[in-house]
Amino acid sequence: EDYQSILAQKPRDTTVLVGTYANLGDLYYQRGEAKKAYQMYKKALKINPKENGVLNNYAYFLSLEGKDLKKARQMSRITVESEPDNPTYLDTYAWILHLMGDNTEAKALFKHAMLYGGKDNPEILRHYAEVLDALGEKDLARIYFNQAKAAEL
């Protein structure tokens with residue numbers, strides 16, 4: 001209701017609209033309502049097609065569901081091109097590439113993410129470990145799986 005009120009009060013403020021749609025999308029996804037979440041993200045991106053937070057979340061949630069990975073990759077690529085040292089965006093893009101079978105490129109992106117804070121994020125560490133495992137680098141994968149477990153504590 002609060003978000004609907006904000007939308008009614010600021011119908012021409014594009015910054016408010018994008019932020020509100022983005023927040024609604026995140027909330028809907030957390031509630032298990034992916035279809036509504038994606039509708040909100042589409043509304044936000046219609047206003048600002050280069051909104052990195054929306055592009056990243058939309059792409060990542062699609063990847064978690066294994067849906068429309070080509071679209072997810074395109075959206076995620078925009079975020080990485082815009083902010084090439086953002087470990088969250090690198091993680092999303094690399095994870096999507098992994099899901100599409102491009103583990104070599106995913107590994108390179110994860111290595112880059114590690115340099116910019118990725119080593120402090122258990123989810124990024126776990127994703128990197130899965131890519132390493134897929135590439136047959138079992139010992140290194142185990143190290144990163146262990147680091148992910150330690151980072152969660």
Nearest-0.05 FRET efficiency for ALA134 and LYS67, computed from C-beta distance (R0 22 Å): 0.60
Length added when fully stretched, ALA151-LEU115, from 0.36 nm per residue minus Cα-Cα: 11.3 nm
Hydrodynamic radius (Kirkwood) for region 83-153, which is based on Cα pairs only, to one decimal in Å: 11.5 Å
Cα-centre dipole for region 1-152 with unit charges at Cβ (Lys and Arg positive, Asp and Glu negative), debye to 20: 500 debye
Kirkwood Rh in Å, taken over all unlike Cα pairs in region 1-54: 10.9 Å
Rg ratio (alpha-carbon, reference 2.2 N^0.38 Å) - region 34-80: 1.00
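Rounded to the nearest percent, how much of the accessible area of the chain (1.4 Å probe, protein heavy atoms only) is carbon and sulfur?
Its accessible area is 49 percent carbon and sulfur atoms.
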Accessible area of region 72-150 divided out per residue, in Å², using a probe of 1.4 angstrom: 49 Å²
D (Stokes-Einstein, µm²/s), Kirkwood Cα radius, the chain, 0.890 mPa s at 25 °C: 151 µm²/s
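Based on DSSP H runs of at least 4 residues, each adding -39500 (n - 2.57), what is the mean residue ellipticity at 222 nm of the chain after dividing by all its residues, to the nearest 500 deg cm²/dmol?
-25500 deg cm²/dmol
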Degrees between helix 52-65 axis and first principal axis of the chain (Cα, 0 to 90, nearest 10): 60 degrees
In sequence order, calculated HN-Hα J values of region 38-48 (Karplus, 6.51, -1.76, 1.60; Hz; x Gly/Pro): 5, 5, 5, 4, 4, 5, 5, 6, 5, 7, 9
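The values are calculated or read from the model by the stated rules, or taken from the named source; none is laboratory data. Every value quoted in this text rests on a predicted model; they were computed, and no experiment measured them. Because the Cβ atoms are built from the backbone with ideal geometry, glycine has one as well, and the counts that use them run over all protein chains shown. Heavy atoms of the whole protein, side chains included, go into the accessibility calculation; ligands, DNA and RNA do not. Shrake-Rupley method; radii C 1.70, N 1.55, O 1.52, S 1.80 Å.
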